[in-house]
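These notes concern the structure reproduced below.
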Amino acid sequence: MPRRSPTSGRKPWEKWSEVTPHSVWLDRRALMAGGAAMMLAPAARAAPRDLVPNSRKDITTYNNFYEFGFDKGDPARYAGRLTTDPWSVRIDGLVERPGSWPLDDVLKGMPLDEHITRLRCVEAWSMVIPWIGFPLAELLRRAGPRPGAKYVAFETLLRPEEMPGQRRRSIDWPYREGLRLDEAMHPLTLLATGLYGAALPNQNGAPLRLVVPWKYGFKSIKSIVRITLTDTQPVTTWPALQPTEYGFYANVNPRVDHPRWSQATERVIGAGLFAPRVPTEMFNGYAEEVASLYAGMDLRTFY
Ligand SMILES: Nc1nc2c(c(=O)[nH]1)N[C@H]1C(S)=C(S)[C@@H](COP(=O)(O)O)O[C@H]1N2
Ligand SMILES: [Mo]
């Protein structure tokens, strides 16, 4: 079983320094079921379905990160060149304490923990990823949302010299995302700095990326440099590009199909060539935790 390492003299994401091989997870899960490993228990509650993480290889070689190309293998091939240190994050808009901070200062005091979550891409494939991260709410509380704040907007780094995909103008760079403030404050909404007990690989959005487990994967914006609190719904990359195909909310919903394909089932990455597709769950299996956020909304149209 992996041991918790001393944190002194280490980068925050190295708190969980032992890389945990896939097989060890099964043992750890059995232990947690027995209540013997509370110290290691993931803070994010498990979705109803079995949460055995995908292999590190699956997670780091099958990616969407269009700044590095459209092919699933492009991010692993090209993102290594991205300079992620130094890195700073600007927090502005409707906050009491706006400013720009080096990443180390952003992470100072944040409760880094392991969170095993499902990721369901709008393209109808899925994986399970053992993140290292902390609730976005912690950082927002530190910044102090002002009374008028209703939404949170996020921006990815704009650096075409290191991001070859940004030299194509097919997308209005930088990649942008957004959440309603209550979604952003929900304890399942994370900022991740690592996975599998090590620093986040560049292809997964180093050094800081969003994780919103109940929404389609495109909401989980990578390599964040700016977080802005606003009073109006922010313009976000995919709905701006294809408003008939993608919406701002993008909650996983097996009953609302994409105009060009069904969302009722998904292909589980790593399950093998002949594995059957599995049913997609409402809110990606997190309905119990998040459905109340959408009380009264027509979920057939708010996709
Ligand atoms: N900046 C940025 N963030 C992004 C993307 C992207 O192209 N650029 N792709 C999104 C999509 S479509 C998905 S499914 C997830 C994939 O995350 P992963 O590669 O870590 O599995 O990242 C999301 N975040
Ligand atoms: Mo995606």
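If you check PRO130 against the conditions, is it under 22 Å from VAL268 (Cβ atoms), in contact (Cβ under 8 Å) with a residue 12 or more places away in the chain, within 16 Å of the chain's Cα centre (by Cα) and away from ligand 2 (no atom under 16 Å from the Cβ)? Taking the combined requirement at face value, the residue satisfies it. When the stretch 193-208 is filtered for residues that are assigned to a strand (DSSP E or B) and near ligand 1 (Cβ under 7 Å from one of its atoms), nothing remains. Residues that are small (Gly, Ala, Ser) and touching a residue at least 24 places away in the same chain (Cβ under 8 Å) occur at least once in the stretch 183-193.
Out of curiosity, is ALA47 within 25 Å of GLU138 (Cα to Cα), surrounded by 20 or more Cβ atoms within 10 Å (Cβ to Cβ) and at pLDDT below 95? In short, yes.
Each row is one residue, and each column tells you yes or no for (1) more than 24 Å from GLN233 (Cα to Cα); (2) of a type in the set (Ser, Thr, Tyr); (3) within 16 Å of ligand 2 (Cβ to nearest atom).
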{"site": "PHE70", "(1), (2), (3)": "yes, no, yes"}
{"site": "GLU96", "(1), (2), (3)": "no, no, no"}
{"site": "GLY109", "(1), (2), (3)": "yes, no, no"}
{"site": "CYS121", "(1), (2), (3)": "no, no, yes"}
{"site": "ALA137", "(1), (2), (3)": "no, no, no"}
{"site": "ARG146", "(1), (2), (3)": "no, no, no"}
{"site": "LYS150", "(1), (2), (3)": "no, no, no"}
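The residue that is farthest from ligand 1 (Cβ to nearest atom), among those in the stretch 217-247 that are under 15 Å from the mean Cα position of the chain (by Cα) and not in a loop (DSSP other than H, G, I, E, B), is ILE227.
Selection of the stretch 113-135 for residues being more than 15 Å from ligand 1 (Cβ to nearest atom) and buried (at least 20 other Cβ atoms within 10 Å of the Cβ) yields GLU114, PHE134, PRO135. Only one entry of PRO254, PRO276 meets the criterion of being surrounded by fewer than 14 Cβ atoms within 10 Å (Cβ to Cβ), more than 13 Å from ligand 1 (Cβ to nearest atom) and part of a loop (DSSP other than H, G, I, E, B), and that entry is PRO276.
The values are calculated or read from the model by the stated rules, or taken from the named source; none is laboratory data. Worth saying up front: this structure is predicted, and the values here are computed from it rather than measured. So basically every Cβ, Gly included, is an ideal-geometry build from the backbone, and we count neighbours across all protein chains shown.
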